[in-house]
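S.K.: One structure, pasted below without further comment.
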Amino acid sequence: MADDPGAAATTHEVIDLWSDPPPRTIEGVPPESTFSPPAGLAARTTMLRNVSHPTLTVYRPTVAANGSSVVVCPGGGWSILAWTHEGTDVAEWFAARGYTAFLLKYRVSATPADPLAFAARMARNDSLLSEPLTAARAPKAMGDIVRDERLLYARDIAADDGRRALAVVRQRAGEYGLDPERIGMIGFSAGAFLIVDVAMDPQGPPPAFIAPIYGGETRGRPVPADAPPIFTVIAHDDRLLFHMVEGLYLDWSAADRPSELHIFARGTHGFGMVRQGAPSDRWIDLLGAWLADNGFG
């Protein structure tokens, strides 16, 4: 396994997610590696690919602890992990406000070991994502976009890792001085789908709250009666996912579960913690206010 980039230059504790082999695996994954996109919102940030050894990196509070914790789940289309702007930057934001953050490195589908072949695949994917869509043509379900069985399986594996992460944090709550009833989850894009999949079928106590950022869907299933409060955001110019996030909010609201949705005029997809001078830059401050209002801050 490659050294964990989330811990390479720090003293953050890294927890192996599974003490025993997980019940399901992804076969044929090359060695884990890092890369940096040369352009785009996330240019020059660190991203991971070919993750097959899932972990939790612990970010302890850097101010007085508030007893709440959050599992942070980066996105990446179930093929990569946006480790910096949807991962470490988010965990550090929470730690600076009294939360204990657990950054989840979950398993993803295999990508070519050769960097040139991988770059060619990413370029093809980026060209598909940049295709302009009218509101009428915008997809309403991830199944309208993703039909690759490898990615669908990786989505299920990611949810396995998300449920396990929640269980591990709950089991170790006393060690970190946490309230086991105040463990939430935040996820971005594929990580947002991960946390909604967990909330829909937690297979144990549900998270205390979820914050799916530009992603997530119920897939037409009924929202559980004990579903956690949800905070979600999307940019209106994120034509790939904005209808899905609207539908997610409506499903939660129709089930009489606490829910809050923010739609920003501009921001595109994948903004994370990147400040781009767009309305979406305010999302993290709105989340902080929502968490405080709900008793988690």
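S.K.: For a quick protection proxy, order the peptides 260-273, 158-171 by their average other-Cβ count within 10 Å, most packed first.
M.R.: Details: 260-273: 19.4, 158-171: 21.9.
Ranking the peptides 260-273, 158-171 by packing returns 158-171, 260-273.
S.K.: Next question, about the same structure. Remind me, relative contact order of the chain in percent, using alpha carbon pairs under 8 angstrom and six or more residues apart?
M.R.: With pairs under 8 Å counted, the relative contact order is 16 percent.
S.K.: Across the stretch 103-111, in residue order, what do the Karplus-derived ³J(HN,Hα) couplings come to in whole Hz, using 6.51 cos²θ - 1.76 cosθ + 1.60 with θ = phi - 60° and x for Gly and Pro?
M.R.: 7, 8, 9, 9, 6, 10, 6, 6, 10
S.K.: Calculate how large, on average over all directions, the projected area of the Cα convex hull of the stretch 91-247 is; give the answer in nm² to one decimal.
M.R.: Averaged projected area of the stretch 91-247's Cα convex hull equals 10.8 nm².
S.K.: Let me ask something additional. Got a sec to turn the phi values of the stretch 91-97 into Karplus ³J(HN,Hα) couplings, 6.51 cos²θ - 1.76 cosθ + 1.60 with θ = phi - 60°, whole Hz, x for Gly and Pro?
M.R.: Result, ordered by residue: 4, 5, 4, 5, 4, 6, 10 Hz.
S.K.: About the Cα centre, and with charges only on the beta carbon of Lys, Arg (+1) and Asp, Glu (-1), how big is the dipole of the chain? Nearest 20 debye, please.
M.R.: Around 320 debye, computed over the chain.
S.K.: Hey, how many Å between the Cα centroid of the stretch 66-82 and the Cα centroid of the stretch 229-281?
M.R.: Rounded to whole Å, the Cα centres lie 16 Å apart.
S.K.: Can you list residues whose amide H is under 5 Å from Phe188's amide H, if they're 5+ apart or on another chain and H is modeled 1.01 Å from N?
M.R.: Cys73, Gly75, Ile213
S.K.: Label-point separation (nm) for Arg137 and Tyr176, each offset 7 Å from Cα along Cα-to-Cβ?
M.R.: Output for this residue pair reads 4.4 nm.
S.K.: Applying the Karplus parametrisation 6.51 cos²θ - 1.76 cosθ + 1.60 with θ = phi - 60° to the phi angles of the stretch 56-63, what ³J(HN,Hα) value in whole Hz is obtained for each residue in order, glycine and proline being reported as x?
M.R.: 10, 9, 8, 10, 6, x, 9, 10
Computed from the coordinates by the stated procedures, all read-outs in this text should not be read as laboratory data. Computed from a prediction, not measured in an experiment: that's the story for all the values here. Every residue, glycine among them, receives a Cβ derived from its backbone with ideal geometry; neighbour counts consider all protein chains shown.
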